[in-house]
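The values are calculated or read from the model by the stated rules, or taken from the named source; none is laboratory data. Note that this is a predicted model, so its numbers are computed, not measured. Cβ: placed from backbone, ideal geometry, glycine included. Neighbour counts: every protein chain shown.
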Amino acid sequence: MTQSPDRPGKPFLYVVVCAAGIAGDVARLITAAQDQGWGVGVVATPQALGFIDATAIEGQTGYPIRSAWRLPSEPRPLPPSDAIAVAPATFNTINKWAAGISDTLALGILCEAYGFGIPTAALPYLNSAQAAHPAYQQSLARLREMGVLIGSYEPHQPKAGGGADRFRWEEALELLHPVVEARR
Ligand SMILES: Cc1cc2nc3c(=O)[nH]c(=O)nc-3n(C[C@H](O)[C@H](O)[C@H](O)COP(=O)(O)O)c2cc1C
């Protein structure tokens, strides 16, 4: 029997974290979501585990970080999600998600979210050399067609230290809010 933790009395947000330089600040999104009444669970790509403070995040959310598939005999560590925020979303994960590749747990959750109709927002964080690849614009277009809400971050210059001051973690919640409200 593979039971999930009880559905908490509040809506539950999955924050999918990818391996971008800014991922270490994901606590800001978790805090903002919790302040707005969400329960939060974090799903990290395997590469992203090297960018985040797993112990601190687990303390903040009260749930284990998920990164690998569980064994069939193991219980589900997180309640089901009411919405998903992918932040930061890497070039790699955006392209694989749009192509239907499911070789990380994070991608597996994202690929299935479309079929389940789970509201999903993604905040890409990448540089302009990555964004120039033709596959990237095609991936964004496909994700938009799927109903994924895409953040407004303009890619930073390569090797220029990123644009953390311009990256608004709260935008994920702003994008999701009307969709989630309309379902209530
Ligand atoms: C220090 C460092 C910073 C990185 N920053 C970014 C980034 O901002 N955006 C991005 O798309 N990739 C970035 N990468 C490359 C990704 O980590 C790499 O493509 C990785 O395979 C992404 O894995 P994931 O999509 O499964 O998380 C960075 C890599 C390193 C080592």
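Considering only helices (runs of 4 or more DSSP H) fully contained in the stretch 71-184, which possess at least 1 residues that are in contact with a Pro (Cβ under 8 Å, 6 or more places away or on another chain) and under 24 Å from Gln34 (Cα atoms)?
So the answer is 171-182.
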Original post:
Residues in the stretch 17-56 that are within 16 Å of the ligand (Cβ to nearest atom), of a type outside the set (Asp, Glu) and outside any helix (DSSP H, G or I): how many?
Top reply: 12
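Trp38: within 13 Å of the chain's Cα centre (by Cα) and either hydroxyl-bearing (Ser, Thr, Tyr) or at pLDDT 95 or above (or both), yes or no?
No.
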Original post:
Can you tell me which of Ile30, Ile65 is among the β-branched types (Val, Ile, Thr) and more than 18 Å from Leu123 (Cβ to Cβ)?
Top reply: Ile65
Subject >> Subset of the stretch 147-163 [surrounded by 13 or more Cβ atoms within 10 Å (Cβ to Cβ) and among the aliphatic types (A, V, I, L, M)] >> reply: Val148, Leu149, Ile150
**OP:** Could you please tell me which pairs satisfy a Cβ distance under 7 Å, a separation of 6+ or placement on different chains, a first residue in the stretch 94-105 that is more than 11 Å from the ligand (Cβ to nearest atom), and a second residue that is part of a helix (DSSP H, G or I)?
**Re:** Ala98/Ser139; Ala98/Arg142; Ala98/Leu143; Gly100/Cys111; Ser102/Gly108; Ser102/Cys111
